[in-house]
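Here is the structure we will look at, set down as structure tokens.
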Amino acid sequence: MKYHFNKIEAQWQKYWAENQTFRASNDSDKPKYYVLDMFPYPSGAGLHVGHPLGYIASDIYARYKRHKGFNVLHPQGYDSFGLPAEQYAIQTGQHPAVTTKENIERYREQLDKIGFSFDWSREVRTSDPDYYRWTQWIFIQLFDSWYDNKQDKARPISDLIEIFNTSGNTTVDAVCDSDVEAFSSEQWKSFSEKEQQAILLKYRLTYLAETEVNWCPQLGTVLANDEIVNGVSERGGFPVIRKKMTQWSMRISAYAERLLQGLQQIDWSDSLKESQRNWIGKSRGAMVTFQVKDYDHTIEVFTTRPDTIFGVTFMTLAPEHELVDIITTPQRKKAVEDYKKAAAQRSERERMADVKTISGVFTGAYAIHPFTKEPVPIWIGDYVLAGYGTGAVMAVPCGDQRDYDFARHFAGEPGMPKIKNIFRDADLSQSAHVSTPQTHIDHSDFLTGLPWKEALRVSIQKLEETNQGYGKINYRLRDAVFSRQRYWGEPFPVYYVDGMPQMIAQEHLPIRLPQVEKYLPTEQGDPPLGNSSMWAWDTKRNEVVANQEIDHQTVFPLELNTMPGWAGSSWYFFRYMDPHNEKEFVSKESQAYWENVDLYIGGSEHATGHLLYARFWTKFLKDRGWVSVEEPFKKLINQGMILGNSAFVYRLEGQNTFISHNKIGDHRVQPIHVDVSLVNTSNELDLEAFRNWRAEYKDANFILDDQGRYLVGREVEKMSKSKYNVVNPDDICQQYGADTLRMYEMFLGPLEQAKPWNTAGISGVHAFLKKLWNLYHNDEGFFVSEEKASQDSLRTLHKTIKKVTEDIENFHFNTAISTFMICVNELSAQKCNQREVLEPLAILVAPYAPHIAEELWKQLGHHQSVSEAPYPEFEQEHLVESQKEYPISFNGKVRFTMTLPLNLNKEEIEKQVMQHEKTQKQLEGRSPKKVIVVPGRIVNIVG
RNA sequence: GCCUUGGUGGCGGAAUUGGUAGACGCGCUGGAUUCAAAAUCCAGUGACUUCGGUCGUGUGGGUUCGAUUCCCACCCAAGGUACCA
């Protein structure tokens, strides 16, 4: 009887949907288990074969846990705000909500075909007003909170106001802006309402601040680093400059230490934890204050090596540093201005990546060394980034390679003194000195002669004594910018009274996105929401009203920015616990039942973005008492990305002629991504299809190779619509079935490893499922016997149970599938058709290939879904071994094997091996120096 | 540049704690079946070889009786690098 996968799969998908087989209850006697996928952004390209990789893995695990008797929550939803829908709207005028809805429908259709056990009754969409009202609500709570270092938690802002009223701010130890001045309770009370609000803003966990952005004047918009290629915008190729803008920020830095410490209690891979540790970047050192010569200004620097303070040869400020314009001397003005302009045109990433080009310019100004009181020249250089630390460094060329390179590059120029060497016996002729435990400090007044670690301690002490600095723990983690000049994101529940932000009361949420005519920034350079004529807040009627009603008395302008993509994804895992609650973002009871995510699966590209923000918000919600957990995700697995196999055509520079990859030679060409569907497996381009692909290639000319073919170049890279390398899974479901797709994606390789997509090999997995089917069927139909199974078959079954269970617990799905293949091959050879073996086998396979398992289960006479069957137990008695085939090696090389009983001890094994004729032959009369016997493993004869 | 991960046959990959390198699958070769093809089944398949063996897990060193596995240095690829998701 044939295996009709299409029919079987459609039937069971319908059954699961109609019977709500996978609906999770918030009330159960079983232990709970929460399995979550990182929800997808519904892109216009549809689901690609990379998405299901993680979903299949989590689905296998969720189904496995159900067999093991758990109440499993396995939901799915959509991260549906984002830039691509907005760009599509800009190009076509189509409202992003419409495109997004269509894309979601397409995703759902595709997901349904793969047979996932999602509880769709809990679906969430971040762009749904019923969802984003709670994102707005959380924003308001952040605004209403400050971080108390003494209690090491976030507290309501009302507590802080009370403290200010009773004792001013001098007793408060809070995380706040660096420019807060001390005030008493009397002073606080004497401030105007506006002054008080301005001060509070410096303490709130979300606050307004000036931050740098990539500004593209021609597009009139801010760009992500990702949208900038070689210093110009990806769209249009326009210049991009760095510019300051007032934006909402999140005080994630308040949580730096807890985010670091929390890593110890969660089950994530060491590499991922390491990434987060490096991102948080905790370092110990000192803040040092340098007075600027002839000015009433100081430069603050953070250094991890205050012990090298006497080695300071010059100082470097970021070109954007606020003092640059003030202190630059008239003679240096032009050079500094030119340099600043050039630096503004380089993205932060370029500046970090490019260490070969050393650039900088002397300001003509000097700082005063805190101890020697000698003048220290002040330079600017773009290797110092404004956003890092204080945007200024003290340069010690003898101990830091970048400073060394900078000093060498500008040696002899005005303002660049000779390198000061403060290390005893250090050779500076080639490079900076690398400190070791033996390093001692020299030529450094009170530090001379000390080992550097000791000098570190003394230098901080001295800085503190002389009030010129203090020991400090610094974090690389910066506060997170929370404003986007975009349309398709959550609107802020914020209006402005006299320039000060005010929150809209929570009962009036959600504040819905307004309709706009155009999704581009306004002509004045305001964000897209500035195009709306209905974007003002009436504080009397508590509703959004027309802009013309703004009177700054009762009707005020609303915030024009929207929230970033990570807002909605920082808390969605809580919403699945209680998705339809209209009173709270999640009820206390639901959250207490589900706690947090037991298993989270998603791509490693989120290692430091989403995963850090979600941890931050969870900790905040815990502090304020809305949830009971400190960490959102107990265990996390990063599925490796399925990479695309991009294809390239090569355009001769400045022409509309394309040259075959194997003919490029010395031609100057521009590689252009071409849709992989236009290329066959031999890398040959379909020229007709290419001409029809896009209007600009209609009249393209080609230089073909000697066989008359146009060959494309190939490159493995991330699958994305813009690279035209997306492969979608629908065709595979159609041709081979969902069970084959599920097993093939798992069989491709280790879950955590990145791998390029390739369908070669899928036939092997499909053949396996057919063989599995044939164990239960003969030509006539279902054919399973009630007789006792053979010892061999039971052995095969239990060997399989053992290995597959170990593999699933360790997420080694690829080897589990080879184990299934071996099992089915063995059972076929044994002609096994006994229920005793085939019934447990159907359950074992069910998490991987649920459709075929359901069908076999039904044919075996069951009326319930196989997903409710208990997992088979492993029985050791079927696998007892008494003999071992020992490899016998000579000097580490295996020469032959011999079978010996497993109960022999070392001496008995050695005796038997030495008596063997082949041993004597190998030794050719020599007596061995040593015989190493590892019982149950190997014998090695040395000599 | 920096951080993280990876590099094993023609290809995807396997190898539990340092113990027979290449499981399982694809591909390829030969055979059976067929009028023929598809499908299926059987056998072989790391390279070299004077058929004794020799070499072989990115490159070069090291530790060890024994290294894909541990250590050092380097090369290459992918992901991230704070406004793509």
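Using the Karplus curve 6.51 cos²θ - 1.76 cosθ + 1.60 with θ = phi - 60°, work out ³J(HN,Hα) for each residue of segment A:522-527 in order, rounded to whole Hz, and write x for Gly and Pro.
6, 5, 7, x, 6, x
With θ taken as phi - 60° and the coefficients 6.51, -1.76 and 1.60, list the Karplus ³J(HN,Hα) couplings across segment A:407-413 in order, rounded to whole Hz; mark glycine and proline as x.
These are the phi-based 3J(HN,Hα) values: 5, 5, 4, 9, 4, x, 7 Hz.
Quick check for you: with a 1.4 Å probe and neighbouring chains kept, what is the accessible area per residue of segment A:217-266, in Å²? Write out the running numbers ahead of the final one.
Working: 2190 Å² over 50 residues.
Per residue, segment A:217-266 has 44 Å² of solvent-accessible surface.
Multiply the residue gap between A:ASP686 and A:GLN515 by 0.36 nm, knock off their C-alpha separation, and tell me the result in nm, one decimal place. Walk me through the intermediate numbers first.
Details: separation 171, 0.36 × 171 = 61.56 nm, distance 4.34 nm.
Stretched out fully, the A:ASP686 to A:GLN515 stretch lengthens by 57.2 nm.
Quick one: Karplus J couplings for segment A:42-49, per residue in order, coefficients 6.51, -1.76, 1.60, θ = phi - 60°, nearest Hz, x for Gly and Pro?
Rounded to whole hertz, the list is x, 7, x, 7, x, 5, 10, 4.
Under 1.5 on a/c is rounded, so check that first for segment A:492-533, then, if it is not, pick prolate when a/b is larger than b/c and oblate when it is not; a ≥ b ≥ c are the square roots of the alpha carbon gyration tensor eigenvalues.
Here segment A:492-533 falls in the oblate category.
What is the projected area of the convex hull of the Cα atoms of chain A, averaged over all directions, in nm²?
Values: hull surface 212.6 nm².
So the Cα hull casts an average projection of 53.2 nm².
Can you give the calculated 222 nm mean residue ellipticity of chain A, where each DSSP H run of n ≥ 4 adds -39,500 (n - 2.57) and the sum is split over every residue, rounded to the nearest 500 deg cm²/dmol? Before the final figure, lay out the partial values.
Working: 29 runs with 305 residues, N = 943.
The helix-only estimate for chain A comes to -9500 deg cm²/dmol at 222 nm.
Got a number for the accessible area of A:LEU751? Probe 1.4 Å, square angstrom, nearest 10.
10 Å²
Report, in degrees rounded to the nearest 10, the 0 to 90 angle that the Cα long axis of helix A:791-809 makes with the longest principal axis of chain A.
With both axes taken from Cα atoms, the answer is about 0 degrees.
If you build the convex hull over the alpha carbons only and average its shadow over all orientations, what do you get for segment A:845-933? Give it in nm² to one decimal.
Numbers: hull surface 39.3 nm².
With every direction weighted equally, the projected area is 9.8 nm².
Report the calculated FRET efficiency for A:SER429 and A:ARG926 (r = Cβ-Cβ distance, R0 = 56 Å), to the nearest 0.05. Could the numbers behind the result be given before it?
Details: r = 56 Å, r/R0 = 1.00.
Efficiency, from the Cβ-Cβ distance: 0.50.
Report, ordered by chain and residue number, the aspartates and glutamates lying within cross-link reach of A:LYS698, taken as a straight Cα distance under 20 Å and ignoring same-chain residues fewer than 8 apart.
A:LYS698 reaches A:GLU653, A:ASP675, A:GLU684, A:ASP686, A:GLU688.
I'd like the FRET efficiency for A:LEU652 and A:LYS718, computed as 1/(1 + (r/R0)^6) with the beta carbon distance as r and R0 of 25 Å, rounded to 0.05. Walk me through the intermediate numbers first.
Numbers: r = 28 Å, r/R0 = 1.10.
Result of the calculation: an efficiency of 0.35.
One-quarter of the Cα convex hull surface for segment A:66-159, in nm²? Working shown, then result.
Values: hull surface 42.8 nm².
Quarter of the Cα hull surface area: 10.7 nm².
Please list, in order, the residues from segment A:528-552 whose amide nitrogen is less than 16 Å from a point placed 7 Å along the Cα→Cβ vector of A:PHE238.
A:528
So, in nm, how far is label A:PHE783 from label A:ASN19 when the simple model puts each one 7 Å beyond its Cα toward the Cβ?
2.8 nm
Greater than 22 Å separation of Cα atoms is the criterion. Which listed pairs, A:LYS472/A:LYS622; A:LYS244/A:LYS340; A:LYS101/A:LYS634; A:LYS341/A:LYS723; A:LYS113/A:LYS802, meet it? List each step's numbers first, then the result.
Numbers: A:LYS472/A:LYS622 28 Å; A:LYS244/A:LYS340 14 Å; A:LYS101/A:LYS634 32 Å; A:LYS341/A:LYS723 33 Å; A:LYS113/A:LYS802 31 Å.
In this structure, A:LYS472/A:LYS622; A:LYS101/A:LYS634; A:LYS341/A:LYS723; A:LYS113/A:LYS802 lie more than 22 Å apart at Cα.
Between A:LEU160, A:GLN876, A:PRO40, whose Cα lies farthest towards the positive end of the dipole of chain A when Lys and Arg beta carbons carry +1 and Asp and Glu beta carbons carry -1, centred on the Cα centre?
It is A:GLN876, whose Cα lies furthest towards the positive end.
With the cut-off at 1.5 for a/c, could you classify segment A:205-296 from its C-alpha gyration tensor as rounded, prolate or oblate? Provide the component values of the computation, followed by the final result.
On the way: a/c = 2.22, a/b = 1.29, b/c = 1.73.
Since a/c reaches 1.5 but b/c is at least a/b, the shape of segment A:205-296 is classed as oblate.
Would you mind computing, in nm to one decimal, how far apart the modelled labels at A:THR436 and A:ASP706 are, each placed 7 Å from Cα along Cα→Cβ?
Computed distance between label sites A:THR436 and A:ASP706 equals 5.8 nm.
Please tell me the relative contact order of segment A:881-942 in percent, rounded to the nearest whole number, where contacts are Cα pairs under 8 Å and at least six residues apart.
Numbers: 91 pairs, mean separation 25.1, N = 62.
RCO, segment A:881-942: 40 percent.
Taking the DSSP beta bridges in chain A as the whole, what percent of them are antiparallel, to the nearest 5? Mind showing how you got there, number by number?
Numbers: 94 of 120 bridges.
Roughly 80 percent of the beta bridges in chain A run antiparallel, per DSSP.
In degrees between 0 and 90, to the nearest 10, how far off the longest principal axis of chain A does helix A:83-92 point, with axes built from Cα atoms?
Here the helix axis deviates by roughly 80 degrees.
Choose one of A:GLN524, A:MET503, A:TYR475: the residue whose Cα lies farthest towards the positive end of the charge dipole of segment A:465-541 (beta-carbon charges +1 Lys, Arg; -1 Asp, Glu; about the Cα centre).
Comparing the listed Cα positions along the dipole, A:TYR475 ranks first.
For segment A:643-718, what's the radius of gyration and Dmax over Cα atoms, in angstrom?
Over segment A:643-718's Cα set, Rg and Dmax evaluate to 11.6, 32 Å.
Which aspartates and glutamates, on any chain, are close to A:LYS540 with Cα under 15 Å apart, when same-chain ones fewer than 8 places away are left out?
In chain and number order, the partners are A:GLU507, A:GLU549, A:ASP551.
If you wrap a convex hull around the alpha carbons of segment A:881-942, what volume per residue comes out, as a whole number of Å³? Display every interim value, and only then the final one.
Values: hull volume 4.3 nm³, N = 62.
Cα-based convex hull of segment A:881-942, divided per residue, equals 70 Å³.
Using alpha carbon centroids, what distance separates segment A:537-561 and segment A:26-90, in Å?
The two parts, judged by their Cα centres, are 39 Å apart.
Determine the equivalent ellipsoid of segment A:1-110 by diagonalising the alpha-carbon gyration tensor, then write out the semi-axes as square roots of 5 times the eigenvalues, largest first, rounded to whole Å. Don't skip to the answer; put the middle values down first.
On the way: eigenvalues 197, 76, 32 Å².
That gives 31, 19, 13 Å for the three semi-axes.
Based on the alpha-carbon gyration tensor of segment A:141-274 and its eigenvalue square roots a ≥ b ≥ c, which shape applies: rounded if a/c is under 1.5, prolate if not and a/b is larger than b/c, or oblate?
Working: a/c = 3.67, a/b = 1.44, b/c = 2.55.
Oblate is the answer for segment A:141-274, as a/c is 1.5 or above yet b/c matches or exceeds a/b.
What's the long-distance tail for segment A:730-878, i.e. % of Cα pairs beyond 20 Å? Don't jump to the answer; show the numbers that get you there.
Details: 5280 of 11026 pairs.
That tail contains 48 percent of the Cα-Cα pairs.
Sorted from largest to smallest, which semi-axis lengths in Å does the alpha carbon gyration tensor of segment A:291-398 give for its equivalent ellipsoid, taking the root of 5 times each eigenvalue?
Working from the Cα gyration tensor, I get semi-axes of 21, 17, 11 Å.
Among all the aspartates and glutamates, which ones have a C-alpha under 19 Å from A:LYS153's C-alpha, if same-chain residues fewer than 8 places away are not counted?
Partners found: A:ASP144, A:GLU162, A:ASP173, A:ASP177, A:GLU257, A:ASP479, A:ASP623, A:GLU630, A:GLU631.
Ignoring ligands and nucleic acids, what accessible area does A:VAL649 show with a 1.4 Å probe (Å², nearest 10)?
0 Å²
With +1 on the Cβ of every Lys and Arg and -1 on the Cβ of every Asp and Glu, and nothing else charged, how large is the dipole of chain A about its Cα centre, in debye rounded to the nearest 20? Let's see the in-between values first.
Working: 106 positive and 125 negative charges, 452 e Å.
Dipole size: approximately 2160 debye.
How tilted is helix A:835-845 with respect to the longest principal axis of chain A? Cα atoms for both, answer in degrees (0 to 90, nearest 10).
20 degrees
Please report, as a whole percent, how much of the solvent-accessible surface of segment A:514-561 comes from carbon and sulfur atoms (probe radius 1.4 Å).
On the way: 1150 of 2630 Å².
With neighbouring chains kept in place, the figure for segment A:514-561 is 44 percent.
Between A:VAL229 and A:GLN524, how high is the FRET efficiency from 1/(1 + (r/R0)^6) when r is the Cβ-Cβ distance and R₀ = 25 Å? Nearest 0.05. Write out the running numbers ahead of the final one.
Numbers: r = 28 Å, r/R0 = 1.11.
Step by step, r from the Cβ atoms, then E = 0.35.
The values are calculated or read from the model by the stated rules, or taken from the named source; none is laboratory data. No experiment lies behind these values; they were computed from the predicted model shown. Neighbour counts are summed over all protein chains in view; Cβ atoms, including those assigned to glycine, are modelled from backbone coordinates with ideal geometry. Heavy atoms of the whole protein, side chains included, go into the accessibility calculation; ligands, DNA and RNA do not. Shrake-Rupley method; radii C 1.70, N 1.55, O 1.52, S 1.80 Å.
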